[in-house]
Amino acid sequence: MMETNFDVIIVGAGPAGTTCALNLAPTGLKIALLDKAKFPRDKICGDALSGNVTFELNKLPTTTLKQFNSFKPKKGVQGIRFFAPNNQYIDVPFPNHKKYTELPGYVVRRYDFDNFLLEELKKHPNVKIWEGFKPENLQVTDDEVQITNGQHSLKAQFIVGADGAHSFVAKALDRFEVDKKHYAAGIRVYYENVDGFHHQGAVELHFQADLAPGYFWIFPLTDNMANVGLAVSSDQGGQRQFNLKSKLDEIIRNHPNVAPRFKNAKALETVKGFGLPLGSKKRSLSGDRFLLVGDAASLIDPLTGEGIGNAMISGRLAAEHIMNGFKERNFSSVFNLRYDELIYEKLGAELQLSSKMKKLFKHPRLLNFIAKKAKKNVALQEVLTGMFDDLNLKKKLGDPLFYWRLFISGK
């Protein structure tokens, strides 16, 4: 068995892992990035990149953002079109993120985006990338971390679990948990020739009474493609006894807002499913010599299901914490608790607010009320637009009194 020594091992080459590595690369630390897949590879996801993603690209100590601006396989979007259960819709523009990129949001297949980040990482000679590395054993001792796969044995001072919802690292280090109250199930299928997209580009969320607070989505892609899918809470799907694939097919064939747009559409693949560990529950994200990031840390937004932005934020915070660990030569569980605190200082309030809003959005009548009011209420339109950047505005949407005031205002 070949043995190799590193300073940091990162397991998982998605956005969380590559962001962590890209932030660490300029430090000169010897880094190993492992992934069981060979890239480019598909990743089942909604493929939407929020302003948080472009913000994190801008913060990287590399030319990654400049390269992304010239990256071709991306579809620019400028907002969200929300469809209420009564089939009324409202358009909510994204705040202007031109400070960071050309447009405030994008839709990019993970097949392309994850490979783009990995190719950027390959420019750094102190980073060794191991594709097709399926880990079999992980041990943490007082002196080091060791991960093996039968052919190779890698050792380091620190390991980062960035390997997704079914994280090998989290399982091996007793941090893996599936709590259906804080978990969602989703399915996705790529289509071509879907009609009727917003002329300026918008992702679409279709809320329906039997899915709420889950939703059906249509996200536009380049080359006349679309990412189509739906997501529901895991406990919700079990209680309501419906098959996700059958429900998706029913919407595409029969829904009055949807079916006409799929008249000439063609599915490009079979339907694929995935799990979403939601950030509605505070968890332990670290221990002796290890940190969890991204989906392995259950940081997905409980309301929208968006996870790429939070994954990249956690990757950057993990890198900053690891650099401090090497400065102090401290990799202990007590020291690493500071990473947990950093994550929840940065993301905790928004995750909890999204969880609160999710509970409110279980009520179809409330969604219908919001859609109706937003058509003519400028203040509500401003709140909906600002909620993507301003946590205080988003808090209004999580406050039941806000809707009562709208109701009695008559506006």
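The values are calculated or read from the model by the stated rules, or taken from the named source; none is laboratory data. Since the model is a prediction, treat every value here as computed from it, not as a measurement. In this analysis, Cβ positions are derived from the backbone assuming ideal geometry, glycine residues included, and neighbour counts consider all displayed protein chains. When the accessible area is computed, the model is the full protein with side chains, heavy atoms only, and any ligands, DNA or RNA have been set aside. Shrake-Rupley method; radii C 1.70, N 1.55, O 1.52, S 1.80 Å.
Give me, ordered by chain and number, the residues 5 or more places off Leu230 or on other chains with an amide H under 5 Å from its own placed amide H.
Ile187, Trp217
Grab the Cα-Cα distance for Glu136 and Asn224, subtract it from 0.36 nm times how many residues apart they are, and report the gain in nm with one decimal.
Additional length available on full extension: 27.6 nm.
Too long at a 18 Å Cα-Cα cut-off: which of Lys38/Lys134; Lys43/Lys128; Lys180/Lys281; Lys281/Lys356?
From the list (Lys38/Lys134; Lys43/Lys128; Lys180/Lys281; Lys281/Lys356), the Cα-Cα distance tops 18 Å for Lys43/Lys128.
Averaging over all projection directions, find the projected area of the Cα convex hull of region 20-115 and quote it in nm² with one decimal place.
7.9 nm²
Quick one: compute the contact order of the chain, relative version, from alpha carbon pairs under 8 angstrom and 6+ residues apart, as a percent.
21 percent
Multiplying the sequence separation of Glu345 and Asn324 by 0.36 nm and subtracting their Cα-Cα distance, what value in nm do you get?
In short, 5.8 nm is gained.
Starting with the highest mean, order 297-310, 122-135, 340-353 by the number of other Cβ atoms within 10 Å, averaged over the residues of each peptide.
Result, highest mean first: 297-310, 340-353, 122-135.
With n ≥ 4 as the cut-off for DSSP H runs, can you work out [θ] at 222 nm for the chain, using -39500 (n - 2.57) per run divided by the number of residues, rounded to the nearest 500?
-11000 deg cm²/dmol
Kyte-Doolittle mean at least -1.0 and Cα extent at least 27 Å along the axis: which DSSP H helices of the chain qualify?
308-328, 333-360
Extending each Cα 7 Å along its Cβ direction at Asp249 and Lys38, get the distance between those two points in nm, one decimal.
Taking the two extended label points, one gets 3.4 nm.
With the cut-off at 34 Å, report for the chain the share of all Cα pairs above it, as a whole percent.
Distances greater than 34 Å cover 30 percent of the Cα pairs.
Counting only protein heavy atoms and using a 1.4 Å probe, what share of the accessible area of region 215-338 belongs to carbon plus sulfur, as a whole percent?
Result for region 215-338: 48 percent of the exposed heavy-atom area is carbon or sulfur.
Using only alpha-carbon positions, what ratio does the radius of gyration of region 124-279 give when scaled by 2.2 N^0.38 Å?
Taking N as the residue count of region 124-279, the ratio is 1.38.
Using a 7 Å offset from the Cα along the Cα-to-Cβ direction at both Lys372 and Lys66, what is the distance between the two label points in nm, to one decimal?
So the label points at Lys372 and Lys66 sit 5.4 nm apart.
Need one number: nm distance between label points at Glu3 and Glu119, each 7 Å from Cα along Cα→Cβ, rounded to one decimal.
The two pseudo-label positions are separated by 3.8 nm.
Efficiency by 1/(1 + (r/R0)^6): what FRET value for Asn86 and His198, r their Cβ-Cβ distance, R0 = 22 Å, to the nearest 0.05?
E(calc), rounded to 0.05, equals 0.65.
I'd like to compare 220-232, 356-368: which one has the highest average count of other Cβ atoms within 10 Å, and what's the full order after that?
For the peptides 220-232, 356-368, the packing ranking is 220-232, 356-368.
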